[in-house]
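Worksheet: the structure to be examined is printed underneath.
The values are calculated or read from the model by the stated rules, or taken from the named source; none is laboratory data. Computed from a predicted model, the values in this text were never measured in an experiment. Here Cβ is always computed from backbone atoms with ideal geometry, including for glycine, and neighbour counts include all displayed protein chains. Accessible surface areas use protein heavy atoms only, side chains included; no ligands, DNA or RNA. Shrake-Rupley method; radii C 1.70, N 1.55, O 1.52, S 1.80 Å.
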Amino acid sequence: MSAPADTSVYERYNLYVSPDKLYIEPCDRFGGVRSNQHLQIDRHSNSIGLVETSSNHIPVGDCDIFLIYGVIGTIQLVSGQALIVVKNAEVVGQLNGHDIWKVVATEIIPFKKTTLHLTEKQKWFNRQFTEMVHTVLGTSGFYFSYTADITHSFQWMAENATPQFYQRSLIDRAEERFTWNGYCLQRLRGCPGAHSYCLPLMHGFFGSVTQQIGSHRFKLILISRRSIQRAGVRFYKRGVNTEGHCANFVETEQIVEVLKDGQGQKTVTAFLQTRGSIPLFWSQRPNLRWQPCPLLRPTDDQLQAYVRHFKSQAEHYRGKQVIVNLVNSKGRERRVGGELERISLQANLPFVRYNPFDFHKECHAMNWDRISVLKGQLRSEITEFGFFAVLPDQPSGGKMQQGIYRTNCMDCLDRTNVVQSMIARESLTDQLMMLGILTGGRRVEDLEELERVFKFLWADNGDECSRQYAGTGALKADFTRLGKRTYGGAMNDGVNAITRYFKNNFNDGYRQDSIDLFLGNFRVDPDHLPSTFETTMLALDYHGVAIVAAAFAVAMVVLCLLVSENLSATLFWLAVVCFCLAFIFFNGEEFVNTPKLK
């Protein structure tokens, strides 16, 4: 994952904002200029190019000056192009000797200095689209490195990276699936010589802890990479598209990096897993019901969807793929889970094995020790698949992971994270045994401090992935974090579940639109603005009146109960509440905040 210095990205920039131009000047961490060239953006013509600083001096006296941490790219708004930059960032750890940064704050700077040339309607849309970009970038979990490619796994790099590959710039080497600002960087990438200004952003999770066991020091690192293909939020992105890309696809890599004194190649092991929505054509649009029924259309070719997905996965991951399906075998989830089982048997792909496990049935009433049943079903293949390893002290030099687990539930969040952490713990035991760090039959769970940091790392990963897709931290996080189910954790799950309900029904349509705008799935055309989006955002029709009336009636019921003994008034307002809620329930789909950008 190392990068030659000449292909890395500048670490800091001075951004000069003048009335006519934007100047981006590379500098080091202390403000010293690092190049005799700077990037210049003409705010009138929208042209972007590198110029020699010696012949094109920056008019410092006429500029506002800012220190920025990187350039995310440019995006088209109604007023014109806008520059997006990293305003603040912090180091969250190291990977193979390279600093990993997390985005803390961003800034959007329009090329145009004013919006006087816009109509009132266009001004409104311009504000909305700007806020949408802020919504995406305000989501926690954007990471980058100035010197390392963090979008590829260790195994992919070992199998595919050639000396010529390492001569390319970071943005040209980055994995398209996991580069979230690829669309925003298109204009800048087209500018000759500007590759050192292009900072690839990964979305997901990065966590790192250092451990000492006996004389052995090592880092335990966890990276989750969220795919841009079929990216979105909980109920609006389910299943796969016609190209075989599935919703909520996340590649998670657990890395052990042995720390030794002196120079030379490090000993590294890594274990890959993936999660993703059930790879069929299905949907589950919110309609104000607690759990909308999943829908499969009889006309869809589910076999084609399944086969296309796993063939695309085979291009990225070596060896056998095991589907760990955790959905319920009864009830509404059975409709999709049963179809997955039927299609997997029909497809009979030689490199895919289907392993169902009804998580809720097996672990009901807080009997979470029953996860050991699933561990027994998977343990032999965990050993068979092994893990990637760079072993400079051994004649073989290393080894490759020979298979991968693809875990799913309905959301691919809560149950999935519990099971992925269980599989990862088994692999970590194998990795540390091979490295000679665990001896005498000891396991990860036998060392209290190692087990504690392992649980917290995976719980943090689960919370981050859940916030990005569903809007709240993960459910069942107490088991991942503490190793047992608790009543406090169950209560926290209740709060998160209710929060998810309201966010998924009344906020996620806007979030989905925001993601589509940022990724370039929707392109702003100032002359053809979406009328449905405007109508939805501006109008308060009878649906909105019903919601407001219900909220007001609930407030009146509470007031009557607290300050009045008038039973008839209390019953009247209670009846109004029931009427409004019934109206909303039976017309649920009309109330949901659905995506409007097409």
Could you check the stretch 470-503 and list, in sequence order, the residues that are modelled with pLDDT of 70 or more and in contact with a Ser or Thr (Cβ under 6 Å, 6 or more places away or on another chain)? 472, 473, 474, 496, 499, 500
Does any residue in the stretch 38-49 that is over 16 Å from residue 85 (Cα atoms) come within less than 8 Å, Cβ to Cβ, of a residue that is of a type in the set (A, V, I, L, M, F, W, C) and open to solvent by 20 Å² or more (accessible area, probe 1.4 Å) six or more places away or on a different chain, and which pairs are these? 42/48
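Return the residue satisfying two criteria in turn: it lies in the stretch 415-443 and is in contact (Cβ under 8 Å) with a residue 40 or more places away in the chain and part of a loop (DSSP other than H, G, I, E, B), and of such residues it is nearest to residue 273 (Cα to Cα).
Looking at the filtered set, the residue picked out is 435.
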Residues being open to solvent by less than 20 Å² (accessible area, probe 1.4 Å) and within 30 Å of residue 427 (Cβ to Cβ) - total across the stretch 267-311: 18
Pull out all pairs, ordered by first then second residue, where Cβ-Cβ is under 7 Å, the residues are six or more apart or on different chains, the first lies in the stretch 348-374 and is at negative phi, and the second is among the aromatic types (Phe, Trp, Tyr). 349/310; 352/310; 368/479; 374/357
State which residue is farthest from residue 88 (Cα to Cα) when the search covers only the stretch 141-161 and only residues that are under 19 Å from the mean Cα position of the chain (by Cα) and not aromatic (Phe, Trp, Tyr). 153
Report the residue count in the stretch 312-321 for those that are touching a helix residue (DSSP H, G or I) at 6+ places or on another chain (Cβ under 8 Å), surrounded by 16 or more Cβ atoms within 10 Å (Cβ to Cβ) and farther than 14 Å from residue 353 by Cβ. 1
Looking at this structure, is residue 159 open to solvent by 10 Å² or more (accessible area, probe 1.4 Å) and at pLDDT 95 or above? no
Of the residues in the stretch 72-127 that are open to solvent by 50 Å² or more (accessible area, probe 1.4 Å) and charged (D, E, K, R), the one that is farthest from residue 206 (Cα to Cα) is 120
Give the stretch 43-71 a look and list any residue that's buried (at least 21 other Cβ atoms within 10 Å of the Cβ) and not in a strand (DSSP E or B), or say none. 69
Answer yes or no as to whether residue 310 is under 21 Å from residue 337 (Cβ atoms), part of a loop (DSSP other than H, G, I, E, B) and modelled with pLDDT of 95 or more. no
Does the stretch 215-229 hold any residues that are more than 22 Å from residue 456 (Cα to Cα) and either open to solvent by less than 20 Å² (accessible area, probe 1.4 Å) or touching a residue at least 40 places away in the same chain (Cβ under 8 Å) (or both), and which are they? 227, 228, 229
Filter result for residue 324 (under 22 Å from residue 468 (Cβ atoms), touching a residue at least 12 places away in the same chain (Cβ under 8 Å) and part of a strand (DSSP E or B)): yes
I'm trying to understand the selection: among the residues of the stretch 50-76, which are free of Cβ contacts under 8 Å to residues at least 40 places away in the same chain and of a type in the set (Ser, Thr, Tyr)? 53, 54, 55
In the stretch 98-146, anything under 25 Å from residue 23 (Cβ atoms), β-branched (Val, Ile, Thr) and in a strand (DSSP E or B) is listed as 103, 104, 106, 108, 109
I'm told residue 208 meets every condition in (1) open to solvent by less than 20 Å² (accessible area, probe 1.4 Å); (2) within 24 Å of the chain's Cα centre (by Cα) except one. Can you identify the failing condition by its number? (1)
